[in-house]
Amino acid sequence: MAESKPSKVSLLTERCETCPAATALSPEGASITVALAGQPNVGKSTVFNLLTGLCQHVGNWPGKTVEQKTGYFCYKGLNMSLVDLPGTYSLSANSPEELVAREFIIRERPDVVALVVDAAILERSLYLLAELLHLGAPVVLGLNMVDVAEQHGVHIEAHVLEAALGIPVVPMVATRNQGVHEFAQAIVDVVHDPQPQQPCRPEIREDHRRVMEELLALIHEHVPTPYPKDWVALKLLEGDVEVTRMMRERLPEQTLAQVDAILHQHEDAVLAVAGGRYDWIGRMIRAAVVRPRVGRITMTERIDRIATHPFWGLLLLAGVLALVFWLTYTVAAPIQDWMERAIVQDFARWSAQRLVSAPAWISGLLVDGVIGGVGTMLTFAPILFVFFVAMSFLEDVGYMARAAYVMDRFMHAMGLHGKSFLPLFLGFGCNVPAVLGTRIIEDRRARLMTILLAPLVPCTARLAVLAVLVPAFFPEHSMLVSLGLVLLPLCFLALGGVLINRLVLKNDQAAFIMELPLYHVPNLRTIGLNVWQRMLSFFKKAGTVILGVSVVVWALATLPNGEIETSLLAGMGRWLAPLGGLMGLDWRLLVALMGSFIAKENVLATLGVLYGIGEEGLPDMLSSAVSPASGLAFLVVTMLFIPCVATLAVVRQETNSWRWTLLGTGLLLLLSLLAGMAAYQLATWLL
């Protein structure tokens, strides 16, 4: 006899025991699965957060880099597992998000699909509903942002729309927690209703209905369970790649030939399918929606005259980015400095005093390895917090889409989307939020390219190294040299994007299609939960890698006798001395580069230790001990060197692939060494 599986109720209770929302769960109640669906920027995340609070699990879908969020809550004794499906505009096979959403609904068969739509742009939002109704799952429609719709002169009679659709329709203002309880009640009512839903579903255009019937008759017996037969027929007419492949593997040869003949004769059937959906949407809109008077200019249109203007939009974006930079340097940077002094350094000294009687290796491991490595990661928190708050605010208010729109033509030359710009910009503060910020990019190819290119953006730690060392090597031309060193990795970023796009991806670009949502007041609860989840994810996943690498590097810098000058790390530096000679670098400079793997600012501390002098006197020492040509080569390699361990950790996390992570790191290593050699040879010839 097969081993019995634990009930969903027990799993829900166990998973939520440590969650503040766990008290709302009922161990005695029944349990259901609810799929939360919706297009991007319709307030789906706000609804998800309101229903589940902090009782959430965030990960990736099996075999995908698409984020999976599952939350748990109880309403009137009914335990619900709420699965937040990726935001999609349709259920075609054009992206991993669309495949994930439709495969979950078809294969997992949730008890209810809760669809959230934007009431202000209902006509565009209903297209996803038109596809969902063919999947067979009961649907509850959440009509969100009705207040924004009213502000724009759009009035929706929810009860009329409910009667026309044949499914529950609940008006909501999720940012004010209005209608969310009624939304949950509608889900409960659908579950308890013994009668199956009989929704008004869209039909294919009349001139192709006979074709649809012929195709359905041919494939009827061969459609695998649990795929709906009429949905499969529609997808074949649409030319859906995944469904076509699935049916080609199952249809007998003779039947397949007949199906191919029908599809070949009616290649325009995709227009008939879409046309039928738009006709259906038009009927629903005419029945329940009152439009604003002709000629009325909305608030969104007024703002977008500037925000999306080819010139003024760029100026506005520059102002927004300057504000983010200002907040970082005036708010986050001082806090980071304070944390470095008051928490990391003071705690390290306190720990060293407490461990004075312990063996030296234990004290060194805890103080230098654990506290030094993980403490550096903790100091990233203020910068991450400011950037995550800024990103979440811009997303929630609706400006992020405008920033992507005005930058798209510039990013397009590198094979990227406009959405890639803001994550890359975040890299000037820290490459970690730059990589994490790529989650706003739906297209996997563009997201992967952005992740691989993000470490080329010079972060504040590298800029700090420049600020100290450039005046030491080039006191009379420090500003000009600093500017060139900052522009160097940005030039390689642009060149790398063009080369990858043309040589590797063969200009295989997905169309950049983005909904420009209406502006609305941001929801502080949603912003807070987004920031919390992103910060927690960083500390959990990147922190474990940083801890391990910090211990390894500490061991290499300590063994065998506790002196860094005679350590294994120094031995590696001396072993690499011939390579360093091509760049004019001695073993000390090579060891400093390797130490930058933990944190880029470690370059200064490591050089201070190796040259037997503090960071304050380091510039004078280096100006006399290192030639300008060698100094230039060292700075060039520093600006292009492999990313720090925190960045490497989140690259692995976001790509879900060691292959891409190591490939990107290897290319950066090769690029930095070649550029360092070229810089040394050129400087030796010129200076």
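The values are calculated or read from the model by the stated rules, or taken from the named source; none is laboratory data. From a predicted model like this one, the values you see are computed outputs, not experimental measurements. Ideal geometry is used to build each Cβ from the backbone, glycine not excepted, and the neighbour counts take in all protein chains shown.
See the values below:
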| quantity | calculated |
| --- | --- |
| Qualifying residue in the range 208-225 (condition: surrounded by fewer than 17 Cβ atoms within 10 Å (Cβ to Cβ), under 26 Å from GLU97 (Cα atoms) and of a type in the set (A, V, I, L, M, F, W, C)) | no |
| Verdict on LEU36 being in a strand (DSSP E or B) and either at pLDDT below 65 or of a type outside the set (D, E, K, R) (or both) | yes |
| Residue in the range 55-84 that is modelled with the highest pLDDT, counting only those that are among the small types (Gly, Ala, Ser) and assigned to a loop (DSSP other than H, G, I, E, B) | GLY77 |
| Check on THR225, in a helix (DSSP H, G or I), among the hydroxyl-bearing types (Ser, Thr, Tyr) and either at pLDDT 90 or above or more than 26 Å from ILE281 (Cβ to Cβ) (or both) | no |
| Residue in the range 241-260 that is in contact (Cβ under 8 Å) with a residue 60 or more places away in the chain, surrounded by fewer than 20 Cβ atoms within 10 Å (Cβ to Cβ), assigned to a helix (DSSP H, G or I) and outside the structural domain of ALA130 (by TED's automatic domain parsing) present | yes |
| Scan of the range 261-285 for residues that are among the basic types (Lys, Arg) and either surrounded by 14 or more Cβ atoms within 10 Å (Cβ to Cβ) or modelled with pLDDT under 90 (or both), ordered by number | ARG277 |
| Within the range 444-477, tally of residues that are closer than 28 Å to LEU323 by Cβ, touching a residue at least 40 places away in the same chain (Cβ under 8 Å) and assigned to a loop (DSSP other than H, G, I, E, B) | 2 |
| Identity of the residue in the range 415-445, under 22 Å from PRO310 (Cβ atoms) and of a type in the set (Gly, Ala, Ser), that ends up modelled with the highest pLDDT | SER420 |
